[in-house]
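Okay, structure first, notes after.
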Amino acid sequence: MTLKPLVVGNWKMNHDYVEALHLTQQIGVVLKNKAREHVDIVVAPPFVDIRSVGSIIESERIPISLGAQNASMYDSGAHTGEVSVSMLKRLGVKSVIVGHSERRSIYGQTDEIVAATVQTVARNGLEVILCCGEGSEVRESGAHLEFVRGQLERALLGFDKKNHSLITLAYEPIWAIGTGETASSEQVAEMMSYLQAFLGERGMSETRVLYGGSVNGENAGALVTDGRAGGFLVGGASLKVESFMAIIEAVDDCYSRSR
Ligand code: PGA
C-alpha cells in the first residue's frame with residue numbers, strides 16, 4: 001500500500017448538467033465536513049456536464065478532480081460527433097478513461113483505437129485510466145490472465161516510455177460490470193499481483209491498478225485489504241452521494257489504518 005489510492009466515479013450517460021451540479025455540490029459538502037486525505041477522487045461526467053462540474057469544483061474548492069469518459073484519438077478536424085483531448089484539457093479535465101468495455105463492445109473501439117487514444121491523451125499531458133477485463137467465457141475457460149495481458153500489450157503498443165507515469169490501469173471484468181456480481185477478493189488479488197508483475201517488467205511499478213465492477217460501500221473495504229485493489233472505477237454507485245462517499249470512506253479507512 002504505497003501508492004495513494006484513487007476512486008473514479010464514471011457517471012456514464014447519467015445526470016444532465018443540473019443533476020450533475022447537484023451531485024458535485026453534495027460531494028463538496030461531505031468532503032468539507034470530513035476530508036478524505038488518503039484517497040484521490042475523480043468524477044467523470046458526460047461531456048455536456050464537464051463545464052458546469054468543473055466550475056463548481058473550482059469555485060467551491062472541492063478536492064476532487066475532473067475526468068472524461070472518452071476522447072477522440074485525433075487532435076482536431078473533420079470528426080463529426082467527437083471531442084478532442086485539448087478541448088477537454090481546456091475545461092480542466094485531468095484524466096480520460098480509455099478502452100472502457102462499453103466503448104469496445106457497443107461503439108466498436110478496437111485495440112488499435114484504444115492504443116491511439118492512449119497516446120493522444122498522454123501526448124497532451126493528461127492521465128489515462130486504461131480499462132481492461134475479460135468476459136465471462138474467458139473467465140470460465142481460465143484464460144483471463146493471458147487475455148488481460150494481451151489487451152494491455154496491444155493498448156500500450158508504441159507508447160512513449162517517458163509518459164508512463166500518466167497511466168493508471170483499471171481491471172474491470174465485464175461479467176461484474178453493472179451486474180451486482182462483484183469479483184471475489186481472491187479473484188481480484190490474483191489479477192492485481194499478475195498486473196503488478198506485468199507493470200514491473202515494464203518499469204512501471206509505480207502505476208496504480210484499480211478494480212471496477214459492482215463496487216459498493218459494503219465490498220470496497222475487502223477488495224482493498226484482501227483484493228489489494230489500488231482503488232476503484234465505480235459506475236452505478238457513483239451516481240448518488242451516499243453510495244459514492246461510502247466507497248471513498250471505506251478506502252480511506254483502509255489506507256489510514258495501514259499507515
Ligand atoms: P459498475 O460499473 O460499478 O456499475 O459495475 C463500473 C464501470 O463500468 O466502470
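Go through region 1-55 and count every residue that is under 18 Å from Leu91 (Cβ atoms), out of contact with any Asp or Glu (no Cβ under 6 Å at 6 or more places or on another chain) and hydroxyl-bearing (Ser, Thr, Tyr).
Residues in region 1-55 being under 18 Å from Leu91 (Cβ atoms), out of contact with any Asp or Glu (no Cβ under 6 Å at 6 or more places or on another chain) and hydroxyl-bearing (Ser, Thr, Tyr): 3 in total.
Where in region 7-122 are there strands (runs of 3 or more DSSP E), lying fully within it, with 1 or more residues that are out of contact with any Phe, Trp or Tyr (no Cβ under 9 Å at 6 or more places or on another chain), touching a residue at least 24 places away in the same chain (Cβ under 8 Å) and farther than 30 Å from Ser258 by Cβ? Walk me through it before giving the result.
Numbers: elements: 40-44, 65-68, 93-98.
Where strands (runs of 3 or more DSSP E) fall fully within region 7-122 and carry at least 1 residues being out of contact with any Phe, Trp or Tyr (no Cβ under 9 Å at 6 or more places or on another chain), touching a residue at least 24 places away in the same chain (Cβ under 8 Å) and farther than 30 Å from Ser258 by Cβ, they are 93-98.
Give the residues of region 158-176 that are open to solvent by 30 Å² or more (accessible area, probe 1.4 Å), modelled with pLDDT of 95 or more and either part of a loop (DSSP other than H, G, I, E, B) or among the hydroxyl-bearing types (Ser, Thr, Tyr) (or both), sorted by residue number.
Ser165
Could you list all residues from region 200-232 that are assigned to a helix (DSSP H, G or I) and open to solvent by less than 50 Å² (accessible area, probe 1.4 Å)?
Residues satisfying the conditions are Gly200, Ala220, Gly221, Ala222, Leu223, Val224.
Of the residues Leu152, Leu130, Leu145, which is assigned to a helix (DSSP H, G or I), at pLDDT 95 or above, touching a helix residue (DSSP H, G or I) at 6+ places or on another chain (Cβ under 9 Å) and crowded, with 20+ Cβ neighbours inside 10 Å?
Numbers: Leu130 fails: assigned to a helix (DSSP H, G or I); Leu145 fails: crowded, with 20+ Cβ neighbours inside 10 Å.
Testing whether each residue is assigned to a helix (DSSP H, G or I), at pLDDT 95 or above, touching a helix residue (DSSP H, G or I) at 6+ places or on another chain (Cβ under 9 Å) and crowded, with 20+ Cβ neighbours inside 10 Å leaves just Leu152.
Go over the candidates Ala197, Ala250, Ala237 one by one and state the one that is within 11 Å of the ligand (Cβ to nearest atom) and in a helix (DSSP H, G or I).
Values: Ala197 fails: within 11 Å of the ligand (Cβ to nearest atom); Ala250 fails: within 11 Å of the ligand (Cβ to nearest atom).
Of Ala197, Ala250, Ala237, the one residue that is within 11 Å of the ligand (Cβ to nearest atom) and in a helix (DSSP H, G or I) is Ala237.
Residue under question is Ala122, and the condition is that it be surrounded by fewer than 20 Cβ atoms within 10 Å (Cβ to Cβ), within 19 Å of the chain's Cα centre (by Cα) and closer than 22 Å to Val93 by Cα; does it hold?
No, not satisfied.
The values are calculated or read from the model by the stated rules, or taken from the named source; none is laboratory data. Here the structure is a predicted model, which means the values were calculated and not measured. Glycine also receives a Cβ, built like all others from the backbone with ideal geometry; neighbour counts cover every protein chain displayed. To get the accessible areas, we keep the full protein, side chains included, count just its heavy atoms, and leave off ligands, DNA and RNA. Shrake-Rupley method; radii C 1.70, N 1.55, O 1.52, S 1.80 Å.
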